[in-house]
Amino acid sequence: MRREDTVVTENIEIARNIYQVTFKGEIVSEMTEPGQFLHLRTSDQYMPLLRRPISICDVDIDRQECTMLYRADGEGTKQLSDKRQGDQLDVLGPLGNGFPLDTIKGETALLVGGGIGVPPLYYLSKKLVEKGVNVFHVLGFASAEDTFYKQQFSELGETIITTIDGSLGYQGFVTNYILEEQPPYDILYSCGPTPMLNAIEQQLHPERAYFSFEERMGCGIGACFACVCHVQGDETGTSYKKVCSDGPVFPTGVIQL
Amino acid sequence: MSKKLSIKLPGLEMKNPIMPASGCFGFGREFSKLYDLSSLGAIGIKATTEESRFGNPTPRVAETPGGMLNAIGLQNPGLEKVVSEELPFLESYDVPILANIAGTKTEDYVNVAEKVAKAPNVTALELNISCPNVKEGGISFGTDPEVAAALTKAVKEVSEVPVYVKLSPNVADIVTIAQAVEQAGADGLSMINTLLGMRIDLKTQQPILANRAGGLSGPAIKPVAVRMIYEVSQRVSIPIIGMGGITTADDVIEFFLAGASAVAVGTANFVNPFICPELIDELEERLSTMKVDNINELVGRSWSSCYNQS
């Protein structure tokens with residue numbers, strides 16, 4: 001983990017309010033674990049003061065380039081969307097624990113993403129394919145114009161798009177599709193809004209699954225206790241996990257959803 | 001060790017005047033992976049309470065221009081674990097520990113103070129009577145001069161190490177409280193804790209923090225801290241550890257000029273986890289250009305020079 005002033009090589013809108021930023025720097029050589037995140041300063045002024053945690057979407061180790069996808073929604077991400085080629089980007093990372101890959105060999109992995117939770121699954125899927133794992137993607141979006149990376153995921157394995165309004169692919173939630181079509185899988189990986197993760201846990205009961213969580217963060221390194229979550233089955237109510245440094249990826253059944 | 005930066009305060013023999021502030025550094029484990037903790041002047045560890053505390057529900061942080069609001073709620077593993085696990089971990093570093101203690105009743109503070117002060121690397125206590133984020137205790141001890149003085153006295157009776165009292169800025173007259181705890185035997189003051197604040201989300205039309213209100217920290221509160229240290233340092237004779245939005249070496253110097261004898265860096269650790277060692281290096285260079293032999297020379301210079309002229 002380090003802090004580096006990297007250089008933006010591209011920053012483009014790829015779907016409604018969804019941007020793809022690529023930067024170059026030595027820090028990229030440390031980004032070998034999918035599911036980790038980067039903590040970015042979007043301004044060198046004091047508003048916003050804190051960094052923004054954004055997941056790693058793709059890494060080109062040889063070219064020292066990293067790609068992230070983000071939704072320009074708040075002040076920080078809107079500032080980030082104003083960055084142009086050649087601008088500096090202050091990056092801290094890589095942070096957190098990503099998706100474990102050691103336990104899986106030549107099986108089928110079901111990757112389930114929702115909205116802006118989809119990006120980290122791309123780097124994960126690439127790594128799984130490298131290991132000879134058969135990947136199956138189910139990616140949920142609000143509607144067609146919010147959808148991104150359909151082509152990129154399709155090149156790695158079968159890819160089902162679901163939209164809530166039915167304007168693209170299957171109409172409904174990712175869990176509706178999986179319950180209806182029952183795609184076979186040995187392990188499930190997911191990242192997306194908490195209600196989606198909750199539905200996966202409650203309705204699909206996956207035996208082996210890893211979820212990546214999102215929580216409002218301060219420091220991103222485990223020191224400030226802003227992003228703590230309760231733990232399942234903890235009767236005392238005092239056990240906790242920090243999303244930033246214990247996660248953001250946890251096996252299913254650990255975090256109280 | 002640089003002579004320019006070394007300072008000596010009750011219980012705290014510091015290589016330099018920079019310490020991370022309590023609540024912004026955990027118990028040092030995360031930062032120990034980033035740099036050598038022995039390079040710090042001291043370490044202010046996270047508030048310890050008698051029992052472990054989970055703290056408040058999330059969201060626990062919200063941002064404001066130049067600052068952040070937090071309502072963590074004194075989350076900590078409790079006295080027993082702090083003494084058996086966290087403090088021994090810090091023993092491998094050559095750095096004095098300023099242990100922040102909190103409670104809801106006088107007996108809690110006394111019990112925690114007595115036990116924490118016995119740890120070999122705890123060289124001073126910081127009495128937290130100013131946390132705005134817990135319903136009982138904390139700030140309720142810090143807004144009444146008599147209550148603050150009584151608690152200080154009770155803790156002083158049991159503590160084997162010097163006691164610093166961390167003052168709340170959420171009071172009408174901070175000088176009276178500072179003088180009351182000095183009279184009660186405090187060896188030093190820490191100031192300031194966070195200012196009470198709130199942000200409301202326009203979408204939900206509700207406060208952003210689950211706790212509704214929270215403590216404002218960061219550069220936004222720096223002028224408040226400087227003003228309060230300026231006022232208090234002229235009216236007490238015990239040293240002040242200054243804190244409140246310190247981000248640059250110039251900020252450190254400003255706090256010294258106001259009357260602080262050491263500083264703590266809080267929120268800036270969240271923006272740049274390497275800030276403390278960076279500030280130590282910058283401060284040394286800055287003092288050289290200012291032709292200052294030891295940073296002690298700057299303490300209270302903003303007001304002492306007024307007296308010299310009159």
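The values are calculated or read from the model by the stated rules, or taken from the named source; none is laboratory data. What you see is a predicted model; the values in this text were computed from it and never measured. Using ideal geometry, Cβ is built from the backbone for each residue, glycine included, and neighbour counts are taken over all protein chains shown. Accessible surface areas use protein heavy atoms only, side chains included; no ligands, DNA or RNA. Shrake-Rupley method; radii C 1.70, N 1.55, O 1.52, S 1.80 Å.
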- [ ] Could you check A:SER43 against (1) open to solvent by less than 40 Å² (accessible area, probe 1.4 Å); (2) of a type outside the set (A, V, I, L, M, F, W, C); (3) within 14 Å of chain B (Cβ to nearest Cβ); (4) assigned to a strand (DSSP E or B) and say which number it fails?
- [x] (4)
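Criterion first (open to solvent by 60 Å² or more (accessible area, probe 1.4 Å), outside any strand (DSSP E or B), within 14 Å of chain B (Cβ to nearest Cβ) and out of contact with any strand residue (DSSP E or B) (no Cβ under 8 Å at 6 or more places or on another chain)) does A:GLU235 satisfy it? Show your work before the answer.
Details: open to solvent by 60 Å² or more (accessible area, probe 1.4 Å): yes; outside any strand (DSSP E or B): yes; within 14 Å of chain B (Cβ to nearest Cβ): yes; out of contact with any strand residue (DSSP E or B) (no Cβ under 8 Å at 6 or more places or on another chain): yes.
Judged against the criteria, A:GLU235 is a match.
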Open item on the list: For the list (1) open to solvent by less than 20 Å² (accessible area, probe 1.4 Å); (2) farther than 27 Å from A:GLN45 by Cβ, I need the number of the one condition that B:GLY67 fails.
Closed with: (2)
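Can you tell which of A:TYR177, A:TYR189 is in contact with a Phe, Trp or Tyr (Cβ under 8 Å, 6 or more places away or on another chain), hydroxyl-bearing (Ser, Thr, Tyr) and open to solvent by less than 10 Å² (accessible area, probe 1.4 Å)? Before the answer, list the steps.
Numbers: A:TYR177 fails: open to solvent by less than 10 Å² (accessible area, probe 1.4 Å).
Being in contact with a Phe, Trp or Tyr (Cβ under 8 Å, 6 or more places away or on another chain), hydroxyl-bearing (Ser, Thr, Tyr) and open to solvent by less than 10 Å² (accessible area, probe 1.4 Å) holds for just one of A:TYR177, A:TYR189, which is A:TYR189.
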Task: Given (1) modelled with pLDDT under 95; (2) open to solvent by 50 Å² or more (accessible area, probe 1.4 Å); (3) of a type outside the set (A, V, I, L, M), number of the condition A:GLN151 does not satisfy - done: (1)
- [ ] Return yes when A:ASP246 is modelled with pLDDT of 95 or more, open to solvent by 40 Å² or more (accessible area, probe 1.4 Å), touching a Gly at 6+ places or on another chain (Cβ under 9 Å) and not in a strand (DSSP E or B) and no when it is not.
- [x] yes
TODO: Considering only residues that are hydrophobic (A, V, I, L, M, F, W, C) and over 17 Å from the mean Cα position of the chain (by Cα), look in segment B:202-224 and name the one that is surrounded by the most Cβ atoms within 10 Å (Cβ to Cβ).
DONE: B:LEU209
Task: Selection from segment A:46-86 of residues that are open to solvent by less than 70 Å² (accessible area, probe 1.4 Å), assigned to a loop (DSSP other than H, G, I, E, B) and polar (S, T, N, Q) - done: A:GLN64
Open item on the list: Being open to solvent by less than 50 Å² (accessible area, probe 1.4 Å) and either touching a residue at least 12 places away in the same chain (Cβ under 8 Å) or not in a helix (DSSP H, G or I) (or both): is that true of A:THR103 here?
Closed with: no
Task: Residues of segment B:200-238 satisfying the condition of being within 12 Å of chain A (Cβ to nearest Cβ) and among the small types (Gly, Ala, Ser) - done: B:ALA210, B:GLY214, B:SER217, B:GLY218, B:ALA220
Open item on the list: Between a residue in segment B:27-42 that is more than 17 Å from A:GLY220 (Cα to Cα) and any residue that is charged (D, E, K, R) and assigned to a loop (DSSP other than H, G, I, E, B), which pairs come within a Cβ distance under 6 Å, given they are 6 or more apart or on different chains?
Closed with: B:SER38/B:ASP94; B:GLY41/B:LYS15
Open item on the list: Take the residues in segment B:248-283 that are more than 18 Å from B:TYR35 (Cα to Cα) and open to solvent by 20 Å² or more (accessible area, probe 1.4 Å); name whichever of them is farthest from the other protein chains (Cβ to nearest Cβ).
Closed with: B:LEU257
Task: Residue that is nearest to the chain's Cα centre (by Cα), among those in segment A:207-227 that are surrounded by fewer than 24 Cβ atoms within 10 Å (Cβ to Cβ) and facing chain B (nearest Cβ under 7 Å) - done: A:GLU215
Task: Condition check for B:SER288: surrounded by fewer than 22 Cβ atoms within 10 Å (Cβ to Cβ), without any contact (Cβ under 8 Å) to a residue 60 or more places away in the chain and either more than 19 Å from the chain's Cα centre (by Cα) or away from chain A (no Cβ under 14 Å) (or both) - done: no
TODO: Within segment B:124-145, identify whether any single residue is at pLDDT 90 or above, over 16 Å from the mean Cα position of the chain (by Cα) and open to solvent by less than 30 Å² (accessible area, probe 1.4 Å), and answer yes or no.
DONE: no
TODO: Identify, by number, the condition in (1) more than 8 Å from chain A (Cβ to nearest Cβ); (2) in contact with a strand residue (DSSP E or B) (Cβ under 7 Å, 6 or more places away or on another chain); (3) at negative phi; (4) open to solvent by less than 20 Å² (accessible area, probe 1.4 Å) that B:PHE25 doesn't meet.
DONE: (1)
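Out of A:LYS127, A:LYS131, report the one residue that is over 16 Å from the mean Cα position of the chain (by Cα) and not assigned by TED's automatic domain parsing to the domain that holds A:ILE12. Show your work before the answer.
Numbers: A:LYS127 fails: over 16 Å from the mean Cα position of the chain (by Cα).
A:LYS131 is the lone residue from the list that is over 16 Å from the mean Cα position of the chain (by Cα) and not assigned by TED's automatic domain parsing to the domain that holds A:ILE12.
Might you check whether a residue that is more than 14 Å from chain B (Cβ to nearest Cβ), of a type in the set (Val, Ile, Thr), in a strand (DSSP E or B) and free of Cβ contacts under 8 Å to residues at least 24 places away in the same chain occurs anywhere in segment A:4-13? Reasoning before the result, please.
Of all residues in segment A:4-13, those more than 14 Å from chain B (Cβ to nearest Cβ) come to A:6-13.
From what's left, of a type in the set (Val, Ile, Thr): A:6-9, A:12.
Next, from what is left, pick out any that are in a strand (DSSP E or B): A:6-9, A:12.
This time we only want the ones that are free of Cβ contacts under 8 Å to residues at least 24 places away in the same chain, so: A:12.
So far as segment A:4-13 goes, yes, one or more of its residues are more than 14 Å from chain B (Cβ to nearest Cβ), of a type in the set (Val, Ile, Thr), in a strand (DSSP E or B) and free of Cβ contacts under 8 Å to residues at least 24 places away in the same chain.
Looking at B:ARG235, B:ARG227, which one is assigned to a loop (DSSP other than H, G, I, E, B), more than 14 Å from the chain's Cα centre (by Cα) and modelled with pLDDT of 95 or more?
On the way: B:ARG227 fails: assigned to a loop (DSSP other than H, G, I, E, B).
Going through B:ARG235, B:ARG227 in turn, just one is assigned to a loop (DSSP other than H, G, I, E, B), more than 14 Å from the chain's Cα centre (by Cα) and modelled with pLDDT of 95 or more: B:ARG235.
Assess whether B:MET228 counts as being in contact with a strand residue (DSSP E or B) (Cβ under 8 Å, 6 or more places away or on another chain), surrounded by 16 or more Cβ atoms within 10 Å (Cβ to Cβ) and farther than 30 Å from B:LYS8 by Cβ.
On the way: in contact with a strand residue (DSSP E or B) (Cβ under 8 Å, 6 or more places away or on another chain): yes; surrounded by 16 or more Cβ atoms within 10 Å (Cβ to Cβ): yes; farther than 30 Å from B:LYS8 by Cβ: no.
The answer is no for B:MET228.
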